[in-house]
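Working notes, beginning with the structure itself.
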Amino acid sequence: MLIFLTGFPGSGKSFLGMQAAALLKSSFIDTDLLIEKQTGESIQAIFKKHGEDFFRNKEAEVLRSISKEKKSIVAVGGGLPCFHGTN
């Protein structure tokens, strides 16, 4: 089962996600951290250097890649449900 946490920046998604994952003995995934790891750039740098379209495409790509997970808590940015049919 995948549980998705969405909300504004700084609203506690990562903190609560890690806590919930520990309680449920699940893995925790933060889509922004995965994007930063894959690109080697911060989210702010990605927006500045490549633009929002690039970021949203990366975000959708990451979401598709984690859809195969069996048991995870996933923190996503507030904009993710609004783009590329990811809702």
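Kirkwood hydrodynamic radius (Cα pairs, Å) of region 2-82? Write out the running numbers ahead of the final one.
Numbers: mean 1/r = 0.0772 Å⁻¹.
For region 2-82, inverting the mean 1/r across all distinct Cα pairs yields 13.0 Å.
Are there any trypsin sites (Lys or Arg not before Pro) in region 34-74 that are in a DSSP loop and have at most 11 other Cβ atoms within 10 Å? List them by number. Intermediate results must be reported in sequence, preceding the final value.
Numbers: sites: Lys37, Lys48, Lys49, Arg56, Lys58, Arg64, Lys68, Lys70, Lys71; in loops: Lys68, Lys70, Lys71.
For trypsin sites (Lys or Arg not before Pro) across region 34-74 that sit outside H, G, I, E and B with at most 11 neighbouring Cβ atoms in 10 Å, the list reads Lys68, Lys70.
What number, in percent, do you get for the relative contact order of the chain if the mean sequence gap of Cα pairs under 8 Å and at least 6 apart is divided by its residue count? Before the final figure, lay out each step's value.
Values: 105 pairs, mean separation 42.7, N = 87.
Relative contact order of the chain: 49 percent.
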| field | Chain lengthening between Asp53 and Ala20 when straightened (0.36 nm per residue, less Cα-Cα) | value | 8.8 nm
| message | Using 0.36 nm times the number of residues separating Leu33 and Ser67, minus their current alpha carbon distance, what extension gain do you get? | response | 10.6 nm
| request: Note the count of lysine pairs whose C-alpha atoms are less than 24 angstrom apart in the chain, limited to pairs 8 or more residues apart or on different chains. | output: 22
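Every number here is computed from the coordinates shown, using simple stated rules; none is lab data. Note that the structure is predicted; figures quoted are calculated from it, not measured. Positions of Cβ are generated from backbone atoms using ideal geometry, with glycine treated the same way; all protein chains shown enter the neighbour counts.
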